[in-house]
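First up is the structure itself, then whatever we jot down about it.
The values are calculated or read from the model by the stated rules, or taken from the named source; none is laboratory data. Only a predicted model underlies this, so the values are computations on that prediction, with no experimental measurement involved. Glycine gets a Cβ as well: all are built from the backbone with ideal geometry, and neighbour counts include every protein chain shown. When the accessible area is computed, the model is the full protein with side chains, heavy atoms only, and any ligands, DNA or RNA have been set aside. Shrake-Rupley method; radii C 1.70, N 1.55, O 1.52, S 1.80 Å.
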Amino acid sequence: MASFVLKVLNVRLLIRRGTCLHRPSTETLFAVCKSPYSTDGDSRVPKIYTKTGDKGNTFTGERRPKEDQVFEALGTTDELSSALGLAREFCLDKGHSFTPQLDKIQCVLQDLGSNVATPVSSARESHRKKTTFSPEPIAELETWIDEFTEELPPLTNFILPSGGKSSSALHVARTICRRAERRVSPIVRAGEVDPNVAKYLNRLSDYLFTVARYAAMKEGSQETIYQRPT
């Protein structure tokens with residue numbers, strides 16, 4: 001577990017600093033989340049600072065500025081995962097049964113980021129094969145949405161982000177997810193990223209809206225209904 005946490009920390013530092021994700025020591029870090037609770041015996045501790053990201057650095061063998069669309073997409077995806085982590089803590093406090101789903105989603109987001117971090121036009125084929133993004137998580141989200149929807153009362157009014165701490169935190173994650181989708185869309189249209197990445201983020205925002213309502217219902221918290229100001 002410790003090795004996994006250190007690897008994820010290293011990846012997030014690389015995203016923030018715009019560092020090459022495809023050098024030998026880091027090229028597979030996004031993909032390790034499929035087995036998050038395993039260890040590989042790697043005891044090396046990454047440094048918090050690298051000194052290479054002050055002015056941007058190479059990315060898949062090319063020079064990209066920190067404000068590049070790829071880094072914008074990666075950074076927003078990381079922000080989304082952080083928001084989900086906070087929402088998960090509130091949900092754990094309330095004993096919600098769906099918190100393992102949030103764990104899995106955070107790991108899927110690591111895989112998603114791996115695909116975003118491997119632009120088709122500049123990445124080697126060997127790297128692209130390691131970072132393909134499967135459509136299976138999309139179908140899983142749709143199944144979860146359908147299951148929660150069956151238990152929820154019909155939505156007859158616009159609701160505002162509300163319904164207790166768990167629900168409100170999930171709504172915050174939902175809005176960040178929408179932004180992540182907007183950041184990813186241009187590079188998907190350019191053919192640089194798997195279209196399933198954008199589809200997953202689209203379904204994820206729907207999931208987060210649905211599970212936010214579900215959390216409010218389970219907690220007996222009142223959602224705020226939109227009313228036109230008078």
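What the table shows:
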{"read-out": "Count of the stretch 82-101 residues which are under 16 Å from the mean Cα position of the chain (by Cα) and crowded, with 22+ Cβ neighbours inside 10 Å", "value": "3"}
{"read-out": "Residue under evaluation Thr132, criteria (1) open to solvent by less than 40 Å² (accessible area, probe 1.4 Å); (2) in contact (Cβ under 8 Å) with a residue 12 or more places away in the chain; (3) of a type in the set (Ser, Thr, Tyr), criterion not met", "value": "(1)"}
{"read-out": "Members of the stretch 130-145 found to be part of a helix (DSSP H, G or I) and modelled with pLDDT under 95, listed by number", "value": "Lys130"}
{"read-out": "Any hit, the stretch 200-210, residues being farther than 22 Å from Phe71 by Cβ and open to solvent by less than 10 Å² (accessible area, probe 1.4 Å)", "value": "yes"}
{"read-out": "Sole exception among (1) surrounded by fewer than 21 Cβ atoms within 10 Å (Cβ to Cβ); (2) under 30 Å from Ile225 (Cβ atoms) for Leu141, by number", "value": "(1)"}
{"read-out": "The stretch 176-187: number of residues that are more than 12 Å from the chain's Cα centre (by Cα) and open to solvent by 30 Å² or more (accessible area, probe 1.4 Å)", "value": "4"}
{"read-out": "Looking only at the stretch 146-166, and only at residues there that are assigned to a loop (DSSP other than H, G, I, E, B) and in contact with a strand residue (DSSP E or B) (Cβ under 6 Å, 6 or more places away or on another chain), the one that is most open to solvent (accessible area, probe 1.4 Å)", "value": "Asn157"}
{"read-out": "Residue match in the stretch 180-187 (condition: under 19 Å from Leu102 (Cβ atoms), in a helix (DSSP H, G or I), among the acidic types (Asp, Glu) and without any contact (Cβ under 8 Å) to a residue 60 or more places away in the chain)", "value": "yes"}
{"read-out": "Of residues in the stretch 118-151 being within 18 Å of the chain's Cα centre (by Cα) and among the β-branched types (Val, Ile, Thr), the one nearest to Gly191 (Cα to Cα)", "value": "Thr118"}
{"read-out": "Sole exception among (1) open to solvent by 10 Å² or more (accessible area, probe 1.4 Å); (2) not in a helix (DSSP H, G or I) for Thr118, by number", "value": "(1)"}
{"read-out": "Scan of the stretch 70-96 for residues that are under 15 Å from Arg174 (Cβ atoms) and among the hydrophobic types (A, V, I, L, M, F, W, C), ordered by number", "value": "Leu80, Ala83, Leu84, Leu86, Ala87, Phe90, Cys91"}
{"read-out": "Meets criteria (touching a Pro at 6+ places or on another chain (Cβ under 6 Å), surrounded by 11 or more Cβ atoms within 10 Å (Cβ to Cβ) and in a helix (DSSP H, G or I)) for His171", "value": "yes"}
